[in-house]
Amino acid sequence: MTQYSMTRYSVTRLLNRLALAVVVIPTCVQAAELQSELMPLAQTRSLMLDIAESDQRAVMVGERGHVFVSESRSDWRQIEAVPTRVTLTAVAAVGESVWAVGHEGTIIHSADGGLTWKLQRSDPWHPLADDEEFDPRQGVPLLDISMLDAQNGIAIGAYSLMLKTQDGGATWAPVRVSPVADGGVDDSADSADESEAVSDDPINDETIDWTFSDDDLALDDEVDPHLNGITRTGDGSLMVVGERGAIFRSRDQGATWERMQLPYEGSMFGVVGYDDQRVIAYGMRGNVFESADLGTTWNELDSGTNQTLMGGAVLADGGAVLVGGSGAIIVRESASADFVDYRFETSEQETPVLAAVLPLGKNTFIVGGEKGLGRFQAQPKAGE
């Protein structure tokens, strides 16, 4: 497997498990080429990382290509013959069309609400041939996906990997997300101005000084930050959040991108969008930031927790629910309310890392994480 810094998953046991777990597979056979396996205990033992709603059912994805679906949102079943055995990190749906992305640059698609799947893309890591140049994006994981409609969508991942489709995922073209002279970001894979991001010289370990000063490590010098989360706002704009406070925004549905940064140098692992240009970004150590102008200005919110937040969803009236480490579930019932901190426990009284949440109302949620999926009912706290 490729060795890379999985920033989105490097803080807790969940993060380390994603970064370091190796799927045991036959020699010379890639995990993306195998079908997922039915596992009787997967619902409570398998790592679950994201959840989405198609027209007819909810779809949850996780490790080893596991896909679960539910029409009732209470009874779940694992789908057979999913055409990959890599970890699936994110899922998105438009009507009955569903896409999931994951490790080894994998993208799979379902045209029937998650019941059957086809492999659209796979880019497993391979050793360099003698005439090949090193590409840091080859073989890296995709970490999130946003479908604007049934034909157009964007997938993002490690080392600023961004892919765009305009044909429902039949083809995925790389988008160059790197600084350009005008302060924006060129979305062309063949950009003429790639001097800051790509070198024409092959890497030579003997001639590179691998020591770095504080200036070398400054955010402005982080050319290819990992891209962890993407959302669409009510006015059609897009925002991507990533490593070390890096954010990107697009006002033209991904044709061009502008790089900005949060007033915080820690990583953001997700972002949710609302009406107009309002977004909420969340991530390291319980940090949550809100913007009403697509990231031009930010307001830090008191999350009530120091747990790293990994997943989130929008609630009615501008509210939000965010989930993360040690079973953290924080709920903001409306745009004017404060966050209230809860804890999710399994039947064994464990507080697992949570990475996904699906609201069934303001106080009832389906959650997914390192102990599979579960259901949580938020109760008013004493004194409220």
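The values are calculated or read from the model by the stated rules, or taken from the named source; none is laboratory data. The structure presented is a predicted model; accordingly, all values stated were derived computationally and were not measured. Neighbour counts run over all protein chains shown; Cβ positions are idealised from the backbone, glycine included. Areas reflect the complete protein model, heavy atoms only, side chains present, ligands, DNA and RNA absent. Shrake-Rupley method; radii C 1.70, N 1.55, O 1.52, S 1.80 Å.
Assorted remarks:
- Sum of side-chain charges, V91 neighbourhood, beta-carbon under 13 Å (Lys, Arg +1; Asp, Glu -1): -2
- Taking only protein heavy atoms and a 1.4 Å probe, the accessible area of the stretch 77-141 is 51% carbon and sulfur.
- Amide H partners (placed H, <5 Å) of F344, local residues excluded: A328, I329
- Rounded accessible area per residue of the stretch 54-146, 1.4 Å, Å²: 37 Å²
- At a probe radius of 1.4 angstrom, the accessible area of the stretch 251-299 per residue rounds to 41 square angstrom.
- Carbon and sulfur %, accessible surface of the stretch 239-283 computed with the full protein complex present, 1.4 Å: 41 percent
- A cut-off under 13 angstrom between Cβ atoms defines the neighbours of A111, and their net charge, with Lys, Arg +1 and Asp, Glu -1, is -2.
- Sites R251 and K381 - FRET efficiency at Förster radius 25 Å, r taken between beta-carbons, to 0.05: 0.05
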